[in-house]
Each structure stands twice: as C-alpha cells, then as structure tokens.
Amino acid sequence: MDRAIPFNLDTVRAGQTGFIGITDSISCNATLGDTLCTTVNITTSSVECDSNNNSASDCHIVIGSCDPNGLEVQSQVGNSGYVIQENIYNTDSLTYLIHFQNIGNDTAFTVIVRDTLSNLLDVASINSIATSHSYTFRIYEQGICEWTFNNILLPDSATNELLSQGFIKFTVQQTPGNAAGTTIPNTAAIWFDYNQFLATNSTFNFIQSIVSTPTIYPSNAAASIYPNPFSVSATLAINKKLKNAELIIYNVVGEEVRRVKNIYSNVIPIERGKLCSGIYAYKIVQGNSIVINGKFSVE
C-alpha cells in the first residue's frame, strides 16, 4: 500500500542543500523478487524556471541473505530496480549503487571506496548522485574513482545495525561508439581503516545490437558552443553534416531536460528557455550512434 509522508520546509536559498532521512522496514507480506519503489515529489509555492527535476524514484528488488558489501547497476527496464547483469544499448548511461557495512567489532573511522572503471565508460562524465555520508572524491591514473569518508565513525553492525551501513550512488556515460557484443564489467573495492580491502561482487552489462544498422562516424568529430557560458542563447556548431539527428541535454544528476529532434544543420541554436543556472551535459545522436558529446554552462 502506498503511503505519503509530507515535509514542510521554509525558504530554500539557491545552492542550499539539506538531508531528510527516513527509516522503514519491509512488510512481512513482501516476497523475494518483489519490486519496492520510493518516489519523492517536490512542490513549491512560487514559480520555478525548471520543474522537470522535481520528482525522482528509486526501486529495489527484495532479496534474501547477502554480502553486505556489494555492487549493483540500475536496470534500464522501467521500475525493475537494480540488477547484477543486463543487456543494454551503447547509448545507455549506467547508474551504479555501492553498499558497504562495518561487520567488524569496533567503530570504523575511515572508509575508502575505489572503483576502477572500464575504458568502455567515460570517466569524465561520472557524477555522484547521492552518498550516505560526507566524502572527498578524486579520479586518478586510468579511471580509478575514489571516495574517501574521513571520520565517518561507522559503528559495527552488532552495536547499531542501521548506522553501520553506507552507500554510494553514481552515474556514468559510456564511451561513444562501444561495439555490440562488448561486455562492461565493474567491481569495487572497500577499505575499512587499515584492514585488507574487501572486493564487491561484479556487475556485467552486455551491449546488444540495435535492430537497424548503425551509422559509423569518424572519431575526429568536433564541436564548439559560443558563447559559453551564456545567459539567453548560444550556438552549437559541429564540423559534421547532420541528417535527422537529435540533441539531448542532461542536468547535473543525469536527467534529460530537453530533446531537439529533426536536426539537419551543423549549426544548432540553444535557447535558455526554462534551463536554470548551472552546468549541463549534451550529446548529439544520429541513427544509432553518438556523434559527439560535451558540456556547457548557463549563467
């Protein structure tokens, strides 16, 4: 049965952040394999310039006993929650969820999570959507992503089962042009203080062919946006002739906020419209291939 829990907040200033935590338990009527979803909706008393990001959902499948330190990837199929392996297309972005829990016998003061991404993923596009605790983040060497939770004070599971757990949720886009039949694996490693690292399970995404034959583009495609940043409008120019292409724009959490279809020119106007100030990612898709992607800023 669905339940709504309202929270009334005072004025939220631009750039201000906050946290609302809800602890709940699974109904005894739930069975293994059930999909449980949580949806958050935000309503305001004033007019927003962009209300497309005011709703978000997260779904999980009811499972049995498991290793508390694990890795999952969000399914591309509706509200199917998170999976260990799945077929995808080479235009899909991936959302990973890393769980960790202190099952030792004392408090953990520092937790480090490292995820070495496949070269089939664009490490420059990684975006940490949510974490359970404050962290510092860096990317080094060949695609090693590291979250460090200093002074996390994570109690052991025998002392406090709920507070002994943590998580990281992040999105990442694929490298353009990944071939059908390719597998994208992923495994994370977790350090609790000075102990030997614990490896999570592995996830696997198998890139499948799209029914139609993809158009192959040379790797020397280039684009520029001017002015960048902009406040009213900008022009995106690409050095390739486009035919029935699409421009797709995403916000900082990876949500699609605009799609422009039927593009036949290599000069594309971008109007601010309802885009709020901030950084946006874009990609141009033609046929079944990503021609190019990049970022721009709105003042």
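Using 0.36 nm times the number of residues separating Val83 and Ala124, minus their current alpha carbon distance, what extension gain do you get? Between Val83 and Ala124, full extension yields an extra 12.4 nm. Comparing Val257, Val40, Val113 in a Gaussian network model of the chain where C-alpha atoms under 10 Å apart are linked, the largest mean-square fluctuation is found at Val40. Projected over every direction and averaged, the convex hull enclosing the alpha-carbon atoms of the range 35-207 yields 12.2 nm². Computed 3J(HN,Hα) for the range 173-181, one whole-Hz value per residue from the Karplus formula 6.51 cos²θ - 1.76 cosθ + 1.60 where θ = phi - 60°, is 8, 6, 5, x, x, 4, 7, 4, x, glycine and proline marked x.
When exposed loop sites are taken as trypsin sites (Lys or Arg not before Pro) in a DSSP loop with at most 14 other Cβ atoms within 10 Å, the longest stretch of the chain clear of them is 14-240.
Radius of gyration over Kirkwood radius for the range 223-298, both on Cα atoms: the Rg/Rh ratio is 0.93. Among residues other than Pro155 with Cβ under 10 Å from its Cβ, the summed charge is -3 (Lys and Arg +1, Asp and Glu -1). For the chain, the spread of Cα coordinates along the three principal axes comes to 63, 49, 40 Å, biggest extent given first. Pairs over the 18 Å Cα-Cα cut-off, from the set Lys241/Lys261; Lys241/Lys283; Lys240/Lys274; Lys243/Lys283; Lys169/Lys283: Lys240/Lys274; Lys169/Lys283.
Near Gly143, once Lys and Arg are set to +1 and Asp and Glu to -1 for all other residues with Cβ below 14 Å from its Cβ, the sum equals -2.
For the range 249-299, the list of chymotrypsin sites (Phe, Trp or Tyr not before Pro) that fall in a loop by DSSP and count at most 12 other C-beta atoms within 10 angstrom reads Tyr264. Proximity of backbone amide H atoms, modeled 1.01 Å from N, is registered between Ser132 and Phe167 at under 5 Å, excluding neighbours fewer than 5 places apart on the same chain. Note on Thr38 and Glu271: the model spin-label points, each 7 Å out from Cα along the C-beta direction, lie 3.9 nm apart.
Only the coordinates and a few stated rules stand behind these numbers; no lab work does. Note that the coordinates shown come from a computational prediction; the quantities given were computed from them, not determined experimentally. Cβ: placed from backbone, ideal geometry, glycine included. Neighbour counts: every protein chain shown.
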